[in-house]
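S.K.: Okay, here's the structure, questions in a sec.
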Amino acid sequence: MITTETEGKLSWFIACKTEDVPVNGGVCVKYEDRQIALFHFARRGAWYATQNECPHRNQMALSRGMIGSLDTEPKVACPFHKKTFSLETGECLNGDDYQIKTYPVKVMNGLVYIGVDGE
């Protein structure tokens, strides 16, 4: 585990190799007691990580959701009920009062790192 300072103390862990994540898709990463959805949004040249649990029905499913854009906002849609969430802010884009947690991601030397706080 790599520890660094970025707006407070974050612990960076190696989630996987870049090739382990489908292009324009997602995977679920288990870290301690958390399930984190990791997305490779190749069309945007970006990586995103969020909680895997969709707060609408409390299902661990977001890593299997479809990614896309709403105007310029990158988003993921829950595969079950199509609630959509910003991959940058975690805000529900359907106008509902839901929010998901987002995590910083960095890619170095073919490895994907996710930053987590001490929550």
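S.K.: Amide H of Cys16: which non-local residues (sequence gap of 5 or more, or other chain) have their own amide H closer than 5 Å, using H built in the peptide plane?
M.R.: Amide H neighbours of Cys16: Val112.
S.K.: Put a dot 7 Å past each Cα toward the Cβ at Ala42 and Ser69; how far apart are the dots in nm?
M.R.: Placing both labels 7 Å beyond Cα along the Cβ direction yields 1.7 nm.
S.K.: Each residue of the range 13-28 in turn: what ³J(HN,Hα) in whole Hz from Karplus with 6.51, -1.76, 1.60 and θ = phi - 60°, glycine and Pro shown as x?
M.R.: 10, 6, 7, 4, 7, 4, 5, 7, 10, x, 4, 6, x, x, 9, 9
S.K.: Using unit Cβ charges (K, R positive; D, E negative) and no other charged atoms, how large, in debye to the nearest 20, is the dipole of the chain about its Cα centre? Numbers along the way, then the final one.
M.R.: On the way: 13 positive and 15 negative charges, 90 e Å.
Rounded to the nearest 20 debye, it is 440 debye.
S.K.: Also, quick follow-up: Would you mind calculating the relative contact order of the range 2-116 from Cα pairs under 8 angstrom and at least 6 residues apart, reporting the percent as a whole number?
M.R.: About 25 percent, as a whole number.
S.K.: What are the residues whose amide H is under 5 Å from the amide H of Tyr31, where those residues sit 5 or more places off or on another chain and H is modelled from the backbone?
M.R.: The answer is Ile36.
S.K.: Now, a different point. In terms of the Cα gyration tensor, with a ≥ b ≥ c the square roots of its eigenvalues, is the range 29-119 rounded because a/c is under 1.5, prolate because a/b exceeds b/c, or oblate? Kindly include the intermediate steps, with their values, before the conclusion.
M.R.: Working: a/c = 1.80, a/b = 1.22, b/c = 1.48.
Judged from the Cα gyration tensor, the range 29-119 comes out oblate (a/c at least 1.5, b/c at or above a/b).
S.K.: Tell me which lysines have Cα within less than 26 Å of Lys82's Cα, excluding those fewer than 8 residues away on the same chain?
M.R.: In chain and number order, the partners are Lys30, Lys101.
S.K.: Right, next: Spit out the partnerless Cys residues in the chain, using Cβ distances under 4.7 Å as the pairing rule.
M.R.: Cys with no partner Cβ under 4.7 Å: Cys16, Cys28, Cys92.
S.K.: Let me ask something else about it. Non-local amide H neighbours of Val21 (under 5 Å, H modeled in plane, Pro and chain starts lacking H): which ones?
M.R.: none
S.K.: Next question. What trypsin sites (Lys or Arg not before Pro) does the range 7-70 have in DSSP loop regions with at most 15 other beta carbons within 10 Å?
M.R.: Arg57
Only the coordinates and a few stated rules stand behind these numbers; no lab work does. Treat the numbers as computed from the prediction; the structure is a model and nothing was measured. As a convention, Cβ positions derive from the backbone with ideal geometry for all residues, glycine included, and neighbour counts pool all protein chains shown.
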